[in-house]
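Have a look at the structure below before the remarks.
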Amino acid sequence: MVERCADCGFDLAGDKVEVIPTAHYMMGGVQFNVDCTTEMPQLYAAGEDTGGVHGANRLGGNGVANSTVFGGLAGDSMAATLRSYHPLADPDKTAIEAAHQRAYAPLGRRRGDLESVRRRLYQVMWDDVGILRTAAGLSRARHELNNSPPRFPSWAWPTPRSATI
């Protein structure tokens, strides 16, 4: 702050500096109801896109809490609305179990050599994809990344499959 004030011609350490309250955020936006619905059907609003929770201003740091709380309320409200349009079917236990198996499968695998992959990627990016780029360098990087085998065993790379849920 000392440097910032000096840039503006004020000596924060040696002189008096005028301090006045200001609005550090301009709160406004979509007016919404307690359940985050709006006047427009199927439009929900939460977080800093909304107006009315904090008036014209809010304390710094409240934005995350605001988005979290009202985002949760909006989600609950949307879910209730969707259920009224389309009743939920019973869960497919086979699909849930298959998704569970896919999600947890990597945890049972032998660890790969992530550090050598990271070093190789770093070197390619440093050599050919930095701030100053050329067509030849980008082509070289693309070739290196597409044609060099990864340093993970082949079983470590998941096989693409279509969604089943």
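Phe70: net charge of surrounding residues, Cβ under 11 Å, Lys/Arg +1, Asp/Glu -1, itself excluded? Don't jump to the answer; show the numbers that get you there.
Working: positive: none; negative: Asp35, Glu48, Asp49, Asp76.
Residues near Phe70 contribute -4 overall.
Tell me the per residue accessible area of the range 60-154 using a 1.4 Å probe; a whole number in Å² is fine. Please list the in-between numbers first.
Working: 7580 Å² over 95 residues.
Heavy-atom SASA per residue in the range 60-154 reads 80 Å².
Non-local amide H neighbours of Thr50 (under 5 Å, H modeled in plane, Pro and chain starts lacking H): which ones?
Val30
The values are calculated or read from the model by the stated rules, or taken from the named source; none is laboratory data. Remember, predicted model here, so these are calculated numbers, not experimental data. Backbone-built Cβ (ideal geometry, glycine too); neighbour counts: all protein chains shown. Protein only, heavy atoms only, side chains kept; ligands, DNA and RNA dropped before computing areas. Shrake-Rupley method; radii C 1.70, N 1.55, O 1.52, S 1.80 Å.
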